[in-house]
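To keep things clear, I will list the structure first and then write my remarks on it.
The values are calculated or read from the model by the stated rules, or taken from the named source; none is laboratory data. Values in this document were obtained by computation on a predicted structure and should not be read as measured data. Glycine also receives a Cβ, built like all others from the backbone with ideal geometry; neighbour counts cover every protein chain displayed. Just the protein is used for accessible areas: all its heavy atoms, side chains included, with ligands, DNA and RNA removed. Shrake-Rupley method; radii C 1.70, N 1.55, O 1.52, S 1.80 Å.
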Amino acid sequence: MGRPAIFFDRDGTLSHEIGYVNHLSRFRLLPFAIDAVRLANASGRLAVLVTNQAGVARGYFPESLIHEVHGRVRAEMEAGDARLDAIYVCVHHPSVGEAPYRLDCDCRKPKPGLLRQAEKELDADLSRSWMIGDRHGDLAVAWAAGARAALVKTGYGLGELAWHAPKWPRQPDLVAENVLEAVERILSLDEGRP
Ligand SMILES: [Mg+2]
Ligand SMILES: [Zn+2]
């Protein structure tokens with residue numbers, strides 16, 4: 001049996017939502033992001049970052065920038081005694097840009113490809129896993145993979161709740177102020193579960 005995972009969206013969840021991060025200098029983790037990941041580590045769950053970065057397909061920045069940004073994320077996490085077990089990225093867009101980035105892939109959230117990759121490569125048990133994000137697509141990807149979904153109020157979250165959530169056919173399994181509160185509440189909800 002695999003391990004449960006906590007999947008983290010990047011922009012608006014672990015880092016400030018600023019639009020396209022088209023330069024390393026624009027990227028900033030939110031203050032509680034490292035604590036959230038460290039708490040997930042301590043619980044024995046996998047901590048996995050999953051992010052759509054269609055700015056590559058759109059030609060806004062090269063794929064190498066994403067690796068640079070994620071190098072910084074890993075370094076900042078490490079400096080705070082936190083660890084991401086994997087970082088999975090979709091760089092595609094179904095209708096914009098050129099090959100190989102213009103692609104109707106199966107990894108662009110809300111499609112569940114990145115979560116399936118964690119199932120395969122990290123032995124994540126998706127049925128006992130959670131996805132935390134600030135947009136409806138983050139909820140949908142969780143449900144498409146049989147996981148549960150937490151919406152945070154950072155990034156697009158508050159606006160999603162105010163203007164869109166009332167008409168969602170399925171509501172988030174949990175709504176939290178931020179990613180740290182989300183992890184805390186996931187752990188307390190899961191207490192006592194097999
Ligand atoms: Mg986001
Ligand atoms: Zn993709």
Q: Express as a percent, rounded to the nearest 5, the fraction of DSSP beta bridges in the chain (both residues included) that run antiparallel.
A: 5 percent
**Q.** C-alpha center-to-center spacing [segment 13-51, segment 125-146] in angstrom
**A.** 16 Å
Q) Using 11 Å as the cut-off for backbone N distance, which residues of segment 10-35 belong to the label zone defined by a point 7 Å from the Cα of ARG72 along Cα→Cβ? A) 16, 21-29
Q) When the accessible area of segment 1-128 is split by element with a 1.4 Å probe, what percent falls to carbon and sulfur? A) 49 percent
Q. When ligands, DNA and RNA are left out and all protein chains stay put, how many square angstrom of accessible area per residue does segment 9-111 have with a 1.4 Å probe?
A. 46 Å²
Q: Express in Å², to the nearest 10, the accessible area of TRP143 obtained by rolling a 1.4 Å probe over the protein heavy atoms while all chains stay in place.
A: 50 Å²
Q) Does the chain come out rounded, prolate or oblate, given a ≥ b ≥ c as the square roots of the eigenvalues of its C-alpha gyration tensor, rounded meaning a/c under 1.5 and, failing that, prolate meaning a/b above b/c? A) rounded
Q. If you take the charge dipole of the chain about its Cα centre, with +1 on Lys and Arg Cβ and -1 on Asp and Glu Cβ, which of LEU126, ALA42, ALA79 is farthest toward its positive end?
A. LEU126
(Q) If each residue of separation counts as 0.36 nm, what is the full-extension length gain between TRP143 and HIS23 once their alpha-carbon separation is subtracted? (A) 40.0 nm
Q | Reach of LYS109 by Cα under 16 Å, taken over aspartates and glutamates that are not fewer than 8 positions away in the same chain | A | ASP9, ASP11, GLU119, ASP134, ASP138
Q.
Given axes a ≥ b ≥ c from the Cα gyration tensor, I'd like to know whether segment 94-194 is rounded (a/c under 1.5), prolate (a/b larger than b/c) or oblate.
A. oblate
